[in-house]
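Read through the structure below, which is laid out as structure tokens, and then see the notes.
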Ligand SMILES: NC(=O)c1ccc[n+]([C@@H]2O[C@H](COP(=O)([O-])OP(=O)(O)OC[C@H]3O[C@@H](n4cnc5c(N)ncnc54)[C@H](O)[C@@H]3O)[C@@H](O)[C@H]2O)c1
């Protein structure tokens with residue numbers, strides 16, 4: 001399928017590398033960025049012959065699908081315009097910022113018989129696919145609960161343009177939560193109710209790398225968020241998503257079953273390790289990954305979406321799944337911003 005790529009920033013290199021050299025069903029015919037020099041640099045590096053404006057891309061009869069890898073604030077408008085121009089869309093996470101935007105995008109797609117896919121596509125990697133096989137075979141029995149932890153001091157330590165991570169649409173939950181919640185909902189099922197609590201300990205942050213190093217910027221979002229939630233099948237979940245944590249011993253994701261525990265690998269990666277410890281066993285057993293895509297396979301979700309379109313089925317990294325995860329994340333943030341249930345009047 002002929003693809004137009006919009007957004008030539010940090011993450012674009014691995015997408016362009018894989019889409020131009022690795023996946024046979026995707027052909028990048030043009031790229032676009034608000035900053036022409038960025039598009040030029042990637043066009044030269046990956047041998048893409050055409051640089052287009054967004055309008056040119058939308059008007060192109062040749063381009064059948066848009067890969068939207070711009071920053072979150074731009075996702076909705078570009079997704080909507082691309083669908084209204086008759087093109088399928090695959091978007092980086094989050095699909096949009098508000099639930100209403102995501103629903104509007106999915107409605108346009110449904111009315112136009114077009115497909116929407118969304119990151120993360122790490123659920124298609126060898127690590128999480130192996131976990132899926134283990135759970136489907138009921139090796140840890142009935143799922144009782146799951147936990148997920150993403151703790152780091154913040155992306156400004158390495159990203160040269162980190163402001164968007166701290167604006168509306170950013171924060172550790174909207175940025176990293178999609179990896180964790182997409183993996184959890186893919187492996188366990190839909191989430192039906194959430195509670196959240198969060199804090200914003202640093203009101204300003206500083207850029208550490210690139211031409212803007214030393215620049216201070218304001219933080220607009222909660223940066224240390226805790227949530228408890230319930231899955232449709234009755235299992236419970238807990239997550240902590242933090243841009244305010246230096247070090248931790250916590251796992252990425254663990255799933256607790258009636259017959260044992262499964263350790264899910266970093267959901268922001270495609271590989272392992274996958275570990276299982278059955279009830280009564282004294283050891284964790286590492287499960288070999290015998291499935292493809294254990295290295296950085298970004299773009300796999302778009303390639304799988306192209307396969308899904310051809311087979312007239314829903315993609316695995318689907319817009320529908322991304323909308324569900326977005327609704328969960330926004331409900332956690334709303335809950336964290338509301339007055340508390342169960343307030344305590346006494347003080348220690
Ligand atoms: N950087 C990472 O490691 C990483 C990893 C996984 C996912 N992502 C996701 O990928 C997306 C992009 O992240 P990034 O790190 O590459 O950001 P970035 O800021 O480095 O790049 C974004 C690019 O999009 C361009 N852009 C913004 N609005 C545009 C518009 N309206 N039209 C055309 N171009 C526009 C910008 O000029 C910029 O070049 C985000 O959704 C992010 O969550 C990033």
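What follows draws every value from the coordinates through simple rules; no lab data is involved. Given the structure is predicted, the values throughout are model-derived calculations rather than measurements. FYI the Cβ positions are ideal-geometry reconstructions off the backbone, even for glycines, and counts take in every protein chain you see.
Observations on the model:
- FRET efficiency for residue 34 and residue 259, using Cβ-Cβ distance with R0 set to 41 Å, rounded to 0.05: 0.20
- Cα-only radius of gyration and Dmax that characterise the range 1-52, units Å: 9.8, 29
- Ratio Rg/Rh, restricted to the range 1-121 and using Cα atoms, in which Rh is the Kirkwood radius: 0.94
- Part-to-part distance (alpha-carbon centres) for the range 66-91 and the range 92-141, which is given in Å: 16 Å
- Rg to Rh quotient for the range 122-287, alpha carbon positions, Kirkwood Rh: 1.03
- Volume per residue for the range 191-256 equals 124 cubic angstrom (convex hull of Cα atoms).
- Largest GNM mean-square fluctuation among 26, 199, 151, using the chain with Cα springs under 10 Å: 199.
- Candidates 58, 291, 173, ranked by Gaussian network fluctuation over the chain, Cα under 10 Å, top entry: 291
- Rounded to the nearest 10 degrees, the inclination of helix 126-136 to the longest alpha-carbon principal axis of the chain is 50 degrees.
- Rounded to 5, the percent of DSSP beta bridges in the chain classed as antiparallel: 60 percent
- When the P(r) of the range 77-204 is calculated, the portion above 23 Å amounts to 47% of the C-alpha pairs.
- Between 0 and 90°, nearest 10: helix 99-112 axis offset from the chain longest Cα axis: 50 degrees
- Each of 186, 15 has some number of other Cβ atoms within 10 Å of its Cβ, and from fewest to most they run 186, 15.
- Based on Cα atoms of the chain, Rg over Rh with Rh as the Kirkwood radius reads 0.97.
- Sorting 282, 297, 157 by the number of Cβ atoms found within 10 Å of their own Cβ, with the fewest placed first, yields 282, 157, 297.
- The angle between the Cα long axis of helix 300-310 and the main principal axis of the chain comes to about 70°, on a 0 to 90 degree scale.
- Relative exposure of 121, 107, judged by other C-beta atoms within 10 Å (fewest first): 107, 121
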